Every structure is written in C-alpha cells, then in structure tokens.
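Notes to accompany the following structure.
All of the numbers you see were taken from the coordinates with simple rules; none came from a lab. Worth saying up front: this structure is predicted, and the values here are computed from it rather than measured. So basically every Cβ, Gly included, is an ideal-geometry build from the backbone, and we count neighbours across all protein chains shown.
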Amino acid sequence: MQILGAKIDDITMPEAILKIDGFLSNNSHFLTTPNPEIILYGHKHSEYRRILNNSDLALPDGIGLLLVSRLLGKPLRECVRGADMVPEICRMAREKNLKIALLGGLDQAAIQNAAAIMRGWGNTVVYAEHGVVKKDWQVPSFHEKIVKEMRACEPQILFVGFGHPKQEEWIEQYRNALPSVRLFMGCGGALDFIAGRAKRAPVWMRKIGLEWLWRLALEPKRIKRILNAVIIFPLTVIYASIRKQ
C-alpha cells in the first residue's frame, strides 16, 4: 500500500525475514524502514519519496503507520521495526558466512562499539566508520574515500545509520559502486542501540505504541520530531484523504 505516496509493504516479521533471506542470495537489494516522520518528509520532498519507492522492501516501522492504515481502511498487519530487524539480519549473516559493513552512528566510538558487539555475536564485520561529518557532506571526495575502502573489504551487507534522509540518499547514490553488497539497509539509530549509546523503550511500551513517549522523556530536544510523527503525520494523512474524496 501507499501512505502519502510512499510505499509500505504489508508484511509480518516472519515474512520479512523470509524475504530478506532470499535477498541475501544475490545482489543488490535495498531495504527501507519508513516511519511516520520519514513518510512525512517524503510527502514534502518528491525526490526522496522516489528513493523510498525504489526500495525492494519497505518495512512498516512505527505504530503510527498501523493506526493510520486503519483509518484508510487498509490495515497493516504488523509493525516491523528496523531496530528489531538488524539483529535478525546479523543472525542470517552468521548462518550464511556473510561479511558486514557499518556506516554512520553517533560517532566513531559508537560505531566501533557496535562492530565489536556484532563480532561478539559471531559476525564478520569488515568495515565500521562513522562516515562523513556534516561540514564535509557536500564534498564528493569524502564519500568516494568511503566507497573505495568499502570496495576493498567486499561486504555483502551494509547498514547505513545516518538517519533520514541522508542514509537513503547515500545508498541510492553509491549502491552501484558497491557490487559486492547484497543488502543495503538504512537503519537509523539501530547501530546506536546495539552500541549502547541509545536506550530503547521497554518491550511493553513498544507493544502499546508508546516508544515515542520514551524517546521524548530521554531526549526532550526531539519534541519537534515527536510532534511531526504523533500529530502532524496523522492530520496530514486525514487531510490528504479528504481531498481525494
């Protein structure tokens, strides 16, 4: 289905795992994790929305998508969070003896810690870099250096944790330059969760859709982003739906 023009796959966690398992057999696949904030950004930026819609699998990441899908009369069956999918992909990588590359995270210490934890799980992490800092983002040579280093490592899985929209834009621009990669995933803050630099809400809060409240309590500066996801997003969907009638 589509919400505000962005593709969302109606898929459960077991179905997504099975589909991704198939992706890991050949190159090259792009996995996105649209949440209300990402979809709202895509609604305002058509090129970013095109990138989202070019993905091979778009996981419904966020309870807000389930609620809005019901309002639209096309209820999604399950919330499949990217932060839950990353460890599952790591499990599949171990079973298939696939190499992993990490890019992004809060800082270099965080990404190196995430790599160390994954190696502790038994994964082969061949590349782990914080990436391109904000002041250098528009300088192609910094990105080209990363691509060159990564090509030498020949990973089959690449997790990019720049946050939206940068992670999806980066994958779109450089995926063809990384022929060894079978699965590209924009994973947001998942690497920071693994590194222990950010703390996820308790399971019970996730189940009842209050993860946003947990994040707000820990990071009050996120108030604008929370308002976009919790209030602006559903109102925008309702308004767009009324205009179509």
request  = Once you've got the GNM for the chain with C-alpha springs shorter than 10 Å, pick whichever of Gly196, Gly186, Gly82 has the biggest mean-square fluctuation.
outcome  = Gly196
inquiry  = Taking 0.36 nm per residue of sequence separation and subtracting the Cα-Cα distance, how much length would be gained by fully extending the chain between Lys148 and Ala116, in nm to one decimal?
reply    = 9.3 nm
ask   = For Lys96, which aspartates and glutamates qualify as cross-link partners when the Cα separation must be under 20 Å and same-chain residues fewer than eight apart are set aside?
value = Glu15, Asp21, Asp84, Glu88, Glu154
query = How much length is gained on full extension from Leu66 to Glu15, taking 0.36 nm per residue of separation minus their Cα-Cα distance?
reply = 16.7 nm
inquiry  = Compute, for segment 35-121, the length of the dipole vector about the Cα centre, with Cβ point charges of +1 (Lys, Arg) and -1 (Asp, Glu) only. Units Debye, rounded to 20.
reply    = 180 debye
request  = Check cross-link reach from Lys7 to the lysines: straight Cα distance under 19 Å, and skip same-chain residues fewer than eight apart.
outcome  = Lys19, Lys44, Lys74, Lys166, Lys244
query = Based only on the alpha carbon positions, what is the Kirkwood hydrodynamic radius of the chain, in angstrom?
reply = 18.4 Å
